[in-house]
Amino acid sequence: MMAGVLVILGGGTLFFGREISGYTDRISSVRTELVQWASSLQSYVAIKSQYETKIIGYTGVLNNLIPQKDKLIDLRKDFQFLAGGDNIDVSFSFTGEQPTASPNISTIGINLNLQGDMEGIFNFIKKLQNFHYLISINSVIIEKKDQVTVATMRGEVFFRK
């Protein structure tokens with residue numbers, strides 16, 4: 001009888017020992033996954049913080065280069081200011097809004113007509129390269145008429161919708 005009890009106790013100990021060993025392996029595995037998950041979460045938080053910090057800076061630059069449409073009202077004055085020191089006469093007109101693939105950014109066509117001396121016109125074009133709005137010049141025609149150089153420029157200005 002005692003031997004039967006010992007066999008039952010030994011079998012129970014062996015059975016429960018294996019079950020406990022299996023549970024400890026599972027717990028160890030879950031702890032490892034938890035450490036990896038926590039590490040991934042910390043990496044995500046760090047990356048998200050860097051992204052948000054950089055996106056704020058780039059958004060500011062983008063907002064300066066690509067204005068809201070209403071700010072383009074003063075574009076004529078900006079072009080006259082650029083030409084002011086070079087004795088160039090500037091006439092400017094919008095040619096219409098152009099469709100774009102972007103839902104947030106669009107363009108509006110522009111015509112610039114410049115009259116003055118050749119050096120002044122080239123200075124204006126150099127200044128236009130560093131203009132505070134994003135402008136794409138598609139064509140430039142420069143002609144010499146009598147003593148005056150005439151330049152006709154066509155392009156587009158980008159704006160935010």
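The values are calculated or read from the model by the stated rules, or taken from the named source; none is laboratory data. As the structure is a computational prediction, the values presented were derived from the model and not from experiment. Reconstructed Cβ throughout: ideal geometry from the backbone, glycine too, with neighbour counts over all protein chains shown.
For segment 91-104: of the residues being in contact with a Leu (Cβ under 9 Å, 6 or more places away or on another chain) and farther than 13 Å from residue 135 by Cβ, which is surrounded by the most Cβ atoms within 10 Å (Cβ to Cβ)?
This residue is 91.
Does segment 77-88 contain any residue that is closer than 30 Å to residue 151 by Cα, modelled with pLDDT of 85 or more, among the charged types (D, E, K, R) and in contact with a strand residue (DSSP E or B) (Cβ under 6 Å, 6 or more places away or on another chain)?
No, segment 77-88 contains no residue that is closer than 30 Å to residue 151 by Cα, modelled with pLDDT of 85 or more, among the charged types (D, E, K, R) and in contact with a strand residue (DSSP E or B) (Cβ under 6 Å, 6 or more places away or on another chain).
Output the number of the condition that residue 68 fails; it satisfies all remaining conditions of (1) touching a Lys or Arg at 6+ places or on another chain (Cβ under 6 Å); (2) touching a residue at least 24 places away in the same chain (Cβ under 8 Å); (3) surrounded by 11 or more Cβ atoms within 10 Å (Cβ to Cβ).
The failed condition is (3).
With respect to residue 124, is the statement that it is in contact with a helix residue (DSSP H, G or I) (Cβ under 6 Å, 6 or more places away or on another chain), among the aromatic types (Phe, Trp, Tyr) and under 20 Å from residue 73 (Cβ atoms) true?
Taking the combined requirement at face value, the residue does not satisfy it.
Just checking, does segment 130-142 include any residue being of a type in the set (S, T, N, Q), assigned to a helix (DSSP H, G or I) and assigned by TED's automatic domain parsing to the domain that holds residue 80?
no
Any chance you could count how many residues in segment 136-161 are out of contact with any Lys or Arg (no Cβ under 9 Å at 6 or more places or on another chain), surrounded by 14 or more Cβ atoms within 10 Å (Cβ to Cβ) and over 12 Å from residue 92 (Cβ atoms)?
5
For the structure I just gave you, tell me whether residue 56 is surrounded by 11 or more Cβ atoms within 10 Å (Cβ to Cβ), modelled with pLDDT under 90 and β-branched (Val, Ile, Thr).
no
Are any of the residues in segment 71-90 of a type outside the set (Gly, Ala, Ser), surrounded by 15 or more Cβ atoms within 10 Å (Cβ to Cβ) and in a strand (DSSP E or B)?
yes
Among the candidates 59, 95, 107, 149, which residue alone is within 20 Å of the chain's Cα centre (by Cα) and not in a helix (DSSP H, G or I)?
Going through 59, 95, 107, 149 in turn, just one is within 20 Å of the chain's Cα centre (by Cα) and not in a helix (DSSP H, G or I): 107.
Do we find a residue being over 30 Å from residue 60 (Cα atoms), surrounded by 14 or more Cβ atoms within 10 Å (Cβ to Cβ) and charged (D, E, K, R) anywhere in segment 105-128?
yes
Would you check which residues across segment 103-119 are touching a Lys or Arg at 6+ places or on another chain (Cβ under 9 Å) and farther than 14 Å from residue 136 by Cβ and list them?
103, 104, 115, 118
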